[in-house]
Structures are given as C-alpha cells and as structure tokens.
C-alpha cells in the first residue's frame, strides 16, 4: 500500500546513453589488442592458430563494431588518410611489402601511442607474432606508406 501512495511522486530517471567518442573507441580497441600480445603469426590467420597482420586488425576492429576487409591493401582503402602529425592511437599504419622497392601495401598495424616522433604500434609480425614496435625503427621507417583513420568520427 505504501508503494502505491508514492508511485506517482517518484521521478523515473531517463536512461542516459554514454557519450561515445573516438578516444573512448580507441582506448577500447587498444585494450582488446593488448590481450593478443604474444600470439603467434599465422598466414591468413584470424584467431586460435595465430594472426597475419590484417587478420589481427580485422578481429580487433570487429570487436568494437568496425568491419574491415582481410587484406592490408583492402584495409588501406577505408577511412580517411591523415598526415604523420595527425597520427593518434587507434589509427592504422600501412607499410609496403618486404621488398622496399614495391609500391604495394603489404603490412598493417594499429597505433598504440604517439609522443612526437615516438609512434608505437601493435601488429602481427612474421618473426614474432603480435607485438609492439616503434615507427622510428629504420626497418619500419623505410617501409612506411601512409596512415588512415578508420574509427568513426563521433563528437
């Protein structure tokens, strides 16, 4: 009976949807990607047996609701191209294949942090599986082609 007396006087709160920002998505993306550090490389892999570079990005982005193709070249066509100065966590970095003379994209990684010239990224490398490397390493500097922002642009 007491509940019926106060039924109309208790204000019901409208559910508030959390504000989704690119930063929040990037943080979630990186938290997910860090769980895979140490997983081995597997050509064409997207999981249990290991990852190739684009399989890794495909799986991680899928977990936050962003669909990507399963090739680094295909992924490089998604989003907007950004300058090196604009690179931020969650962006994708694309590299030419092992042949430095190649004009084709053959590798992809996800930016973990950008502190000026110190850009770190997580990727699945053929030599060590999922790991974090630095874009300033000579090997990656010579192969770097472009950066793309694929995370949705929320306010």
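The values are calculated or read from the model by the stated rules, or taken from the named source; none is laboratory data. Note that this is a predicted model, so its numbers are computed, not measured. Note that we place each Cβ from the backbone using ideal geometry, even for glycine, and neighbour counts take in every protein chain shown.
The set of residues in the stretch 117-145 that are under 19 Å from the mean Cα position of the chain (by Cα), in a loop (DSSP other than H, G, I, E, B) and within 21 Å of residue 26 (Cα to Cα) contains only 135. What about residue 89, is it surrounded by fewer than 18 Cβ atoms within 10 Å (Cβ to Cβ) and either in contact (Cβ under 8 Å) with a residue 24 or more places away in the chain or outside any strand (DSSP E or B) (or both)? So residue 89 fails the test. When 67, 23 are checked against the criterion of being surrounded by fewer than 17 Cβ atoms within 10 Å (Cβ to Cβ), within 15 Å of the chain's Cα centre (by Cα) and either at pLDDT 95 or above or assigned to a loop (DSSP other than H, G, I, E, B) (or both), 67 stands alone in meeting it.
Can you confirm whether the stretch 109-121 contains a residue that is at positive phi, surrounded by 12 or more Cβ atoms within 10 Å (Cβ to Cβ) and in contact (Cβ under 8 Å) with a residue 40 or more places away in the chain? Checked the stretch 109-121: no residue is at positive phi, surrounded by 12 or more Cβ atoms within 10 Å (Cβ to Cβ) and in contact (Cβ under 8 Å) with a residue 40 or more places away in the chain.
Just to be sure, is residue 105 touching a strand residue (DSSP E or B) at 6+ places or on another chain (Cβ under 7 Å) and under 24 Å from residue 19 (Cβ atoms)? Break it down into steps so the answer makes sense when it comes.
Numbers: touching a strand residue (DSSP E or B) at 6+ places or on another chain (Cβ under 7 Å): yes; under 24 Å from residue 19 (Cβ atoms): no.
Judged against the criteria, residue 105 is not a match.
In the set (1) surrounded by 18 or more Cβ atoms within 10 Å (Cβ to Cβ); (2) in a loop (DSSP other than H, G, I, E, B), the condition left unmet by residue 95 is number (2). Per the conditions (1) in a strand (DSSP E or B); (2) surrounded by 20 or more Cβ atoms within 10 Å (Cβ to Cβ); (3) in contact with a helix residue (DSSP H, G or I) (Cβ under 8 Å, 6 or more places away or on another chain), the sole criterion not satisfied by residue 148 is (2). So residue 81 passes all but one of these: (1) loosely packed, with under 13 Cβ neighbours inside 10 Å; (2) in contact with a strand residue (DSSP E or B) (Cβ under 7 Å, 6 or more places away or on another chain); (3) free of Cβ contacts under 8 Å to residues at least 40 places away in the same chain. Which condition number does it fail? The number of the failed condition is (3).
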